[in-house]
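Right, one structure below, let's go through it.
Each reported figure results from applying straightforward, stated rules to the coordinates on display, with no laboratory input. Just so it is clear, the structure is predicted and the values come from calculations on it, not from any experiment. Every residue, glycine as well, gets a Cβ built from its backbone with ideal geometry; the counts of neighbours run over all protein chains shown.
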Amino acid sequence: MTDKPPADTTLTRPSHHPADFHVLQRLYDWTLSLAAHRHALWALAIVSFVESSFFPIPPDVLIIPMVLATREKAWRIAAVCTVASVAGGLAGYGIGHYAYEAVGRPLMEFYGYATKFESFQAQYNEWGAWIVAGAGLTPFPYKVITIASGVTGLDLTTFTVASGISRGIRFFIVAGLLWYFGAPIRAFIEQHLAKLVTLFFILLFGGFVLLKYIF
């Protein structure tokens, strides 16, 4: 294991305050320690669930050491993570839909997206499926989008399908790479995978926009 958080911890709100970093580092270390627990799969499910609505540490922190420890369980680990994450996304949707002022807004403000979301809210549902898929696949804070989708009343089926596809792709790619290559691929996943996946999504989305508005 490593004491350095993987690149995907950019999901948390950027902060330069030493106290904030110390709290996040302790949260990261505690989350990482769950990978060695005898109920690690349940811990992964819980972390995946809460990360989709408020928790700052991504489940990748657990996926990596868990798959490396038991590579034959890679697909089960990815499946549990995907299902729990989508379920947590629905909880985030509920927060946005039913308790935005009391719970959702403070969370959006914590991650630094409240003002940006309010200025974009009117156009949100037009691109809702792509926004959800982008957040589910890339390092963008998925929790922000789950709450925002509830606020705008994005179609629940659209939200669930986009979440399931994007979260599944993300977690199964990580698990699959670790299953096939083992420990040597870990550094690549932690340092470069998020960037490559983000680039892929940008190109995919750009192609869709091109088809929609030019041809």
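Observations on the model:
- Relative pair counts by distance (%), Cα atoms of the range 59-205, 5 Å bins: 2, 10, 19, 20, 18, 14, 9, 6, 2, 0
- Highest mean packing comes first when the peptides 140-149, 30-39, 48-57 are listed by Cβ atoms within 10 Å, giving 140-149, 48-57, 30-39.
- Sequence of Phe159, Phe110, Phe188 once ranked by neighbouring C-beta atoms within 10 Å, starting from the fewest: Phe188, Phe110, Phe159
- Surrounding net charge for Val103, when Lys and Arg each add one and Asp and Glu each subtract one, Cβ distance under 12 Å: 0
- Spin-label model distance (nm) - Arg38 vs Thr198, 7 Å beyond Cα toward Cβ: 4.1 nm
- The stretch between Ala187 and Trp130, if pulled fully straight at 0.36 nm per residue, gains 17.6 nm over its current Cα-Cα span.
- Residues in the range 130-160 reached by a label modelled at Ile173 [backbone nitrogen below 12 Å; 7 Å Cα→Cβ]: 134-140
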